[in-house]
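The values are calculated or read from the model by the stated rules, or taken from the named source; none is laboratory data. Only a predicted model underlies this, so the values are computations on that prediction, with no experimental measurement involved. Cβ coordinates were reconstructed from backbone atoms using ideal geometry, including for glycine residues, and neighbour counts include every protein chain displayed.
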Amino acid sequence: MKFDPNNPLTEEELDKLGKEDFDSFLEYLDGQSEHLRKHTRPLNSHETKKMAAMNAALQGKKLTDEEFERAKEIGKQNEKDILNK
């Protein structure tokens, strides 16, 4: 079954499809993921650092300087990728 962004399945229909035909269910989810990926962008450096800090806080730890710098680098690379598109 193909994903149709103009007519998505309801939760009940997805549950039914998953029980009756698991391969079609997975095909539908793959199509939905592909559609959603077309409408996203990478996180910028501010968003990347914010997500890293939130993730550390959820794990009950503090963001290390090394993790902060890595998040900053990832964000800068994402910003370059955004500008190149």
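Some values worked out for this structure:
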item: Sole residue being touching a helix residue (DSSP H, G or I) at 6+ places or on another chain (Cβ under 8 Å), free of Cβ contacts under 8 Å to residues at least 60 places away in the same chain and surrounded by 14 or more Cβ atoms within 10 Å (Cβ to Cβ), chosen from Gly75, Gly31; result: Gly75
item: Failed item in (1) of a type in the set (A, V, I, L, M); (2) assigned by TED's automatic domain parsing to the domain that holds Lys2; (3) in contact (Cβ under 8 Å) with a residue 12 or more places away in the chain; (4) under 30 Å from Lys85 (Cα atoms), with Leu36 passing the rest; result: (3)
item: Within the chain, helices (runs of 4 or more DSSP H) holding 2 or more residues that are within 15 Å of the chain's Cα centre (by Cα); result: 22-37, 45-58
item: Residue satisfying condition, being farther than 30 Å from Met1 by Cα and either out of contact with any strand residue (DSSP E or B) (no Cβ under 7 Å at 6 or more places or on another chain) or β-branched (Val, Ile, Thr) (or both), within set Lys38, Lys49; result: Lys49
